[in-house]
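Note sheet for the following structure.
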Amino acid sequence: MALDVRAVTDEAGFDALGPAWERLSVEGAGDALFGSFVWNRLWWKHYRHQGELRLLVAQDGADVVGVWPLFLARRNFHDVEIDMIGPRRMVLPGRPLGVGVLAYLGSGEICSDFLAPLVKPGDEERVIDALVVHLAAQRDWHLLDLADMDAASPTLPPLRAALAKRFGKVRERFRYRAPFAPLAASYDDYLDSLSKKSRYNARKKLRQLEISHRVEHAFHLDPESLDAAMSEFIDQHRQRWSEENLPGVFVNEHFIGFHRDLAAAALERGWLRLGFLRIDGETRFVTYAFALGDQTYLYQQGGHANWHHYNLGYVALGFSVADACERGSRIYDFLRGDAEYKLHWAKEHRELVQLQAARGLRGRAFMLHSTINTDDAVRRRLKRLVGRKS
C-alpha cells in the first residue's frame, strides 16, 4: 500500500501532530531527547522567526509512520558556508547570493545532536523513500542541508540512497565526534571500568574537597522555584566562561527562553537533572542534564571550575554520572565535541555527519560555490593554480 505524505506548515497542525509524534518516539523512532516532540515544538516556539515550517508527515492509512521535522529558510551562500566550516576567509563572495534551505528543526545555536527523520523502526526504507519523493515534487527550496545526523542511525543509509536517486550526488561530511560512556549497574562498577588514573582522580578530587569544606549536591525538583534555579544556573555558566573572557551560550532571549521552557517541560516529565554542587552552603557548580529511558545527556555545565585550585567541574560531573548509574541509565552522553574533560569519562564515541542535496540551477550553483570555498583540497589546488599563473 502506498504511503500518503503531507506537509504541515502551521502551528495548529504541529500541535495536532503531538500524540502521533510521541507514539513514534515511544516505539524508538529518532533520538529520545533531540527527536522528541517537546524539544522540536519548543524550538519552533522560540526560533520560528528563522523560516517557514515544513513538517513532512508519512501515513499508512490512519497511522503516522514517519515525521521529517524540517523548516525552510532564505539564506545567503556565505552564511550557509560559515555554518559548514566555521569563520574563514572565503575565496568567492557569497553574501549577495540567496538560496532556499531546508534544514532540521533544532538546527543552529541550540546544538541539537543525532537529528534524523522519525520513522517507525523496521520501515525506514519505504517511509524515507516516500518522504523524499514528496520533497522532490516541491519547488520552493534549493538546498537540503541536514546537519548533525548520527552516522550510525538506521535512517542514514536509506536517506542517502533516496536522495542520490532523486537528486544525484549527495555531499556528506564529518561534523563532530560525540563521546559517550557506557555505564554499569553501580557507580563503583563504572569507575572500575576506567583507566587507573581516571578512576583514581574521580575518587580523589571529591575526598580532597571534603577535607576542608562542607560538600553538598542536590538535584532541583521543585517546579515553583525552577525559574530561580535556572537563573542561578545561567549565572554560574556565565561565571565559568567569563574566566576565559568568553560569553558562553546563554547570550540571547531565544536561547534562554527555549531552555527555561524546556527545563519546565522536562521537570514535569521527570527528565530534568539540574544538579547543584554547593560548597560551604554556596553554589559553586551546576550540571544541566536530561535523563530519558536508559540514556543521560549532559547538555551544559557552569560554575567556578578551578575554585581554590579544586576541579569542581570534575567533582560535579562525578555526582551526575553516579546519579545516572543509580537511575538505571546505560549511556552517559557528552554530546558533540571531544573536549579533554569528556575523554576522562567516555571510552566510546559517535560521529555526527552532514548530508547536503541540491535541486535546480540555484542549488547546483551553491554546491559548486561551496565546494570552492569549503573544500580544503580544492582551495589548495586553486592557490597552486593562481600561483603558477602569476
query: Counting pairs of alpha carbon atoms under 8 Å apart in space and at least six apart in sequence, what relative contact order in percent does the range 264-341 give?
result: 26 percent
field: Relative contact order computed over the chain (Cα-Cα under 8 Å; 6+ residues apart), in percent
entry: 21 percent
task: List 27, 340 from most exposed to least, where exposure is judged by having the fewest other Cβ atoms within 10 Å.
output: 340, 27
message: Which three extents, in angstrom, do the Cα atoms of the chain have along their principal axes, listed largest first?
response: 68, 66, 39
query: When you take every Cα atom in the range 184-329, what is the radius of gyration, and what is Dmax, the widest Cα pair distance, in Å?
result: 15.4, 44
task: Give me 227, 235, 333 ranked fewest to most by other Cβ atoms within 10 Å of their Cβ, as a rough exposure proxy.
output: 227, 235, 333
query: What residue among 54, 173, 379 has the largest mean-square fluctuation in a Gaussian network model of the chain, using Cα springs under 10 Å?
result: 379
- prompt: In degrees, nearest 10, range 0 to 90: what is the angle between the Cα axis of helix 253-269 and the longest Cα principal axis of the chain?
  reply: 70 degrees
query: What spacing in nm lies between the two simple spin-label points modelled at residue 6 and residue 204, each 7 Å away from Cα in the Cβ direction?
result: 6.3 nm
statement: Note on the range 118-253: contact order normalised by length, alpha-carbon pairs under 8 Å, 6 or more apart, percent, works out to 14 percent
- request: Order these peptides, 32-44, 85-97, 176-188, by their mean beta-carbon neighbour count within 10 angstrom, highest first.
  value: 32-44, 176-188, 85-97
- prompt: Which lysines, on any chain, are close to residue 347 with Cα under 17 Å apart, when same-chain ones fewer than 8 places away are left out?
  reply: 196, 197
Per-residue [θ]222 nm for the chain (sum of -39500 (n - 2.57) over DSSP H runs n ≥ 4, rounded to 500): -13000 deg cm²/dmol
statement: Here the convex hull volume per residue of the range 247-373, taken over Cα atoms and given in Å³, is 196 Å³
- prompt: Using Cα atoms only, what is the angle between the long axis of helix 376-389 and the major principal axis of the chain, expressed in degrees (0 to 90) to the nearest 10?
  reply: 60 degrees
- line: Rh (Kirkwood, all Cα-Cα pairs) for the range 284-325, Å, reads 10.7 Å
query: If you wrap a convex hull around the Cα atoms of the range 28-180, how much volume per residue is inside, in Å³?
result: 133 Å³
- prompt: Could you give the angle, 0 to 90 degrees to the nearest 10, between helix 360-374's Cα long axis and the longest principal axis of the Cα atoms of the chain?
  reply: 50 degrees
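Could you list 49, 78, 308 in order of exposure, starting from the residue whose Cβ has the fewest other Cβ atoms within 10 Å?
Taking fewest neighbouring Cβ atoms as first place, the list is 49, 308, 78.
All of the numbers you see were taken from the coordinates with simple rules; none came from a lab. Model, not experiment: these values are computed from the prediction. Here the Cβ is made from the backbone with ideal geometry for all residues, glycine too, and neighbour counts use every protein chain on show.
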